[in-house]
Amino acid sequence: AQSVTQLDSQVPVFEEAPVELRCNYSSSVSVYLFWYVQYPNQGLQLLLKYLSGSTLVKGINGFEAEFNKSQTSFHLRKPSVHISDTAEYFCAVSNKWGTYKYIFGTGTRLKVLA
Amino acid sequence: EAQVTQNPRYLITVTGKKLTVTCSQNMNHEYMSWYRQDPGLGLRQIYYSMNVEVTDKGDVPEGYKVSRKEKRNFPLILESPSPNQTSLYFCASGNRDASSYNEQFFGPGTRLTVL
């Protein structure tokens with residue numbers, strides 16, 4: 001069965017430092033990959049997605065992610081974080097175009113420290 | 001403003017008392033879905049609907065019902081709530097547009113406590 005692993009449940013980082021949130025998935029077929037962000041007391045918002053093409057995907061708020069098929073990873077990065085990036089981040093995978101059938105990871109709570 | 005709305009946002013109820021959580025979207029999306037979010041488990045899909053009058057079970061459908069009589073609405077019904085249904089619930093919708101295919105738009109969430 002398909003699965004998504006976010007190894008880090010919490011990541012503390014100082015403001016203006018770089019951050020990487022890790023996501024690994026298990027799938028032997030084509031995948032579509034997503035990162036969503038959940039700010040406190042809000043719903044999820046799409047940060048970026050990989051559907052096909054370039055393996056480096058740029059999203060909103062300065063985030064980017066790289067699809068690595070050989071390592072089955074889709075890590076999220078930002079070169080310099082702000083206090084406002086404090087939120088929970090979810091990686092999700094879908095392997096069937098148009099079905100909206102997602103498997104979500106368990107989330108990584110990013111805490112940006114002043 | 002394009003959005004998914006849910007009501008109520010917070011609900012405390014007792015075991016066995018039927019309740020409905022409403023979900024509405026104003027983006028003319030074909031797809032709608034319900035998820036529950038629990039600590040350490042991420043989001044799990046309860047039910048989804050690819051269009052009006054078409055609904056399917058997700059990964060954790062037990063104890064829940066849904067209906068899709070209109071395109072914009074997708075209510076979640078708990079006929080006899082139990083404490084293990086205490087959770088944070090999200091409704092989501094999506095469009096079959098080629099550029100946004102598979103992207104979901106989420107509501108603000110409903111925090112349900114069943115005593």
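The values are calculated or read from the model by the stated rules, or taken from the named source; none is laboratory data. Please read all numbers here as calculations on a predicted model, not as lab measurements. Positions of Cβ are backbone-derived with ideal geometry, glycine not excepted, and every protein chain shown enters the neighbour counts.
Please go through region A:1-28 and pick out each residue that is touching a Ser or Thr at 6+ places or on another chain (Cβ under 8 Å), farther than 21 Å from A:His82 by Cβ, outside any strand (DSSP E or B) and more than 14 Å from chain B (Cβ to nearest Cβ).
A:Ser27
Has region A:85-97 got any residue that is more than 13 Å from chain B (Cβ to nearest Cβ), loosely packed, with under 13 Cβ neighbours inside 10 Å and farther than 26 Å from B:Val60 by Cα?
Looking through region A:85-97, none of the residues is more than 13 Å from chain B (Cβ to nearest Cβ), loosely packed, with under 13 Cβ neighbours inside 10 Å and farther than 26 Å from B:Val60 by Cα.
Among the residues of region B:54-77, is there at least one that is within 12 Å of another protein chain (Cβ to nearest Cβ), crowded, with 21+ Cβ neighbours inside 10 Å and hydrophobic (A, V, I, L, M, F, W, C)?
No, the conditions are met nowhere in region B:54-77.
Based on what the data block shows, is A:Gly43 in contact with a strand residue (DSSP E or B) (Cβ under 7 Å, 6 or more places away or on another chain) and of a type outside the set (S, T, N, Q)?
Answer is yes for this residue.
Can you say whether B:Gln104 is crowded, with 19+ Cβ neighbours inside 10 Å and more than 9 Å from every other protein chain (Cβ to nearest Cβ), as far as the supplied structure shows?
no
How many residues are touching an Asp or Glu at 6+ places or on another chain (Cβ under 8 Å) and either under 19 Å from A:Phe90 (Cα atoms) or buried (at least 18 other Cβ atoms within 10 Å of the Cβ) (or both) when one looks only at region B:1-45?
2
Tell me yes or no: at least one residue of region A:102-109 is part of a loop (DSSP other than H, G, I, E, B) and in contact with a Lys or Arg (Cβ under 8 Å, 6 or more places away or on another chain). Walk me through it before giving the result.
Of the residues in region A:102-109, the ones part of a loop (DSSP other than H, G, I, E, B) are A:102, A:105-107.
If we keep only those that are in contact with a Lys or Arg (Cβ under 8 Å, 6 or more places away or on another chain) too, we end up with none.
Checked against the condition, which is being part of a loop (DSSP other than H, G, I, E, B) and in contact with a Lys or Arg (Cβ under 8 Å, 6 or more places away or on another chain), region A:102-109 yields no hits at all.
Given the options A:Phe67, A:Phe104, A:Phe63, A:Phe74, name the one that is surrounded by 15 or more Cβ atoms within 10 Å (Cβ to Cβ), over 25 Å from B:Gln37 (Cβ atoms) and aromatic (Phe, Trp, Tyr). Break it down stepwise before answering.
Values: A:Phe104 fails: over 25 Å from B:Gln37 (Cβ atoms); A:Phe63 fails: over 25 Å from B:Gln37 (Cβ atoms); A:Phe74 fails: over 25 Å from B:Gln37 (Cβ atoms).
Criteria check complete, one pass: A:Phe67.
Restricting the search to region B:1-23, which residues are over 26 Å from B:Ser82 (Cβ atoms) and touching a strand residue (DSSP E or B) at 6+ places or on another chain (Cβ under 8 Å)?
B:Ala2, B:Gln3, B:Val4, B:Thr5
Sort out which residues of region A:29-41 are more than 15 Å from the chain's Cα centre (by Cα), within 14 Å of chain B (Cβ to nearest Cβ) and touching a residue at least 12 places away in the same chain (Cβ under 8 Å), and write them in order of number.
Hits for region A:29-41 are A:Ser30, A:Pro40.
Could you go through region B:89-96 and let me know if any residue there is part of a loop (DSSP other than H, G, I, E, B) and within 19 Å of A:Ala92 (Cβ to Cβ).
yes
Between residues in region A:42-68 that are more than 28 Å from B:Arg111 (Cα to Cα) and away from chain B (no Cβ under 12 Å) and residues that are part of a loop (DSSP other than H, G, I, E, B) and modelled with pLDDT of 95 or more, which pairs lie under 9 Å by C-beta distance while being six or more apart or on different chains?
Short answer, once both residue conditions are applied: A:Gly62/A:Pro79; A:Gly62/A:Ser80; A:Gly62/A:Val81; A:Gly62/A:His82; A:Glu64/A:Pro79; A:Ala65/A:Cys23.
Just checking, does region B:88-97 include any residue being within 9 Å of chain A (Cβ to nearest Cβ), surrounded by 15 or more Cβ atoms within 10 Å (Cβ to Cβ) and touching a His at 6+ places or on another chain (Cβ under 6 Å)?
yes
Kindly evaluate B:Arg44 against the criterion of being at pLDDT below 95 and of a type in the set (D, E, K, R).
yes
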